[in-house]
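Heads up, the thing below is written out as structure tokens.
FYI, it's all coordinate maths here, none of it is from the lab. If you're wondering where the values come from, they're calculated on a predicted model, not measured in any experiment. Methodologically, a virtual Cβ is constructed for each residue, glycine included, from the backbone with ideal geometry; neighbour enumeration extends over all protein chains shown.
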Amino acid sequence: MGLFRKLFFGKKETKRQNREKQSEENYEIREPIQPISPKINEDFDVGISISSSPVGVSTGSAAKDYYVYHWYLKDTGEIFYVGKGRKDRYKRYHERTYEAEKIRKMYDTDTRFVKTDLTEEEAIELESQEMTRILNDTNHRLTNRITPLMTNRGNGYDRSPKTPELEFETAPYLYPSEIEEHYFGIKPRAFDQVKYNNLKRIVFDYRNIHHTKAIYGGNLDNYLSETKAFLEFNGTKILKTKYAKSVTAWIYIGDDYITNYELEQKKALEKIGRNVPTYHLIDVWKLLKEKFDDIEIELTEEIEIQPVHHRVLLKDIRNLHDWSKGFDEGHPYWEQGDKERKKGNIEKAIELFDKSRYNGYSAPVLYKSYAMAYRKLKDYDNEIAILDEAIERLTINNEPPIHFKERRERAIDLKQKSK
């Protein structure tokens, strides 16, 4: 959770806090640990995030009682988690590894120690080496959320390879991860077939739109604008909350994990007493285009964005694949910049935001601060450009930046009115 807080809430944890957090996990061991030679079945083979440095945070301990361990399935030898720890860490419940704990509950699993009697630094290094070896040399599906950079494939959080490929003007599938499909038998699910009568009060879902180029041929905005124009002609009300009592359908722009979809349907059942028909934009567009094909629809004119700024290209950002280091080196600049923004020193604030971004800080609060600063200057081109970057970067890990998409639409409106 510490890394998540760093990335998404902009709250820095000190080394002292990290030591305190890890010390809470270090209970006295109740039985001696004996080294066990690993026997790995090489016939087995989201991601979520990667690190260019060894995975893990050091507490500064000088003890030599650390170890690295595998959790594996007893019937196949398949490794589903690599961890490090000391004392009885290997057998305790791991709150941050939900999928691994779910596997432990469903299957007959056991622990294998890769090596014991290590220093903390040695354990951190060996844990990263083991993850890299498993992801490069086997087909095991790891449930570790953070994986090393130098691997040939992601961990088991990537979308299942059995999910149908994306096709032009064809709705994608709600997809399972490799872990979900392999261990829990979850299969891809098609979106609901569009029913015209349900297009009365709808909500757009903007998550995972970085996968949509194949579907829209790179012209997502055109499809979205045309669909909205049809809906407006139809008298459709576009709502902002997915759980409004009157909502009649959700319309996804991209796609999502099927488990997220199921959780949201469960939440809808609890909040509004029913499930909500879930359509894909391309299917809605097809139905409305066929229905209103003979009606002249006035589309919103494409606006040209010409931002002038000093930001480096995304590819030139330091620590681009090391969020923890990006936080450490970039967060202080954002913090200073936001203080300047609140004082009204907007240009100085933007200079500091640029330094924060260059050093690898990529939390939503940075992009929110950027957008507010440019809005204050009425620099809508730069506001739109930085929001486009936010949407691109922050949907990678399935964080739906819906508020950024809505803010972008408002900035476009303001730009058009300012002409």
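Mind checking the full-extension length gain between LYS315 and LEU149? Use 0.36 nm per residue of separation minus the Cα-Cα distance, one decimal, nm.
So the extension gain works out to 58.2 nm.
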*Proximal aspartates and glutamates to LYS342, defined as alpha-carbon separation beneath 16 angstrom and excluding residues fewer than eight positions away on the same chain*: GLU351
*In terms of Cα to Cα distance under 28 Å, which lysines are near enough to LYS271, apart from those fewer than 8 places away along the same chain?*
LYS102, LYS187, LYS195, LYS200, LYS228, LYS237, LYS240, LYS242, LYS245, LYS405
*How do VAL312, VAL365, VAL82, VAL194 line up, fewest other C-beta atoms within 10 Å first?*
VAL312, VAL365, VAL194, VAL82
_If a paramagnetic tag sat 7 Å from the Cα of GLN416 along the Cα-Cβ line, which residues of region 209-239 would have the backbone N under 12 Å from that point?_
225-226, 228-229
*Residues ARG133, ARG145 arranged by fewest to most Cβ contacts within 10 Å*: ARG133, ARG145
*For an R0 of 35 angstrom, estimate the FRET efficiency from the Cβ-Cβ distance between GLU121 and LYS162 and round to the nearest 0.05.*
0.30
*Separation in nanometres of the label points that stand 7 Å from Cα toward Cβ, at LYS105 and GLU347*: 5.8 nm
_Volume in Å³ per residue [convex hull over Cα atoms, computed for region 275-395]_ = 171 Å³
*asked:* Students often forget the sequence filter, so: which aspartates and glutamates lie under 13 Å Cα-Cα from LYS348 once same-chain residues fewer than 8 apart are removed?
replied: GLU335, ASP338, GLU340
_Footprinting exposure proxy for SER160, SER225, SER362, SER177 (fewest neighbouring C-beta atoms within 10 Å first)_ = SER225, SER160, SER362, SER177
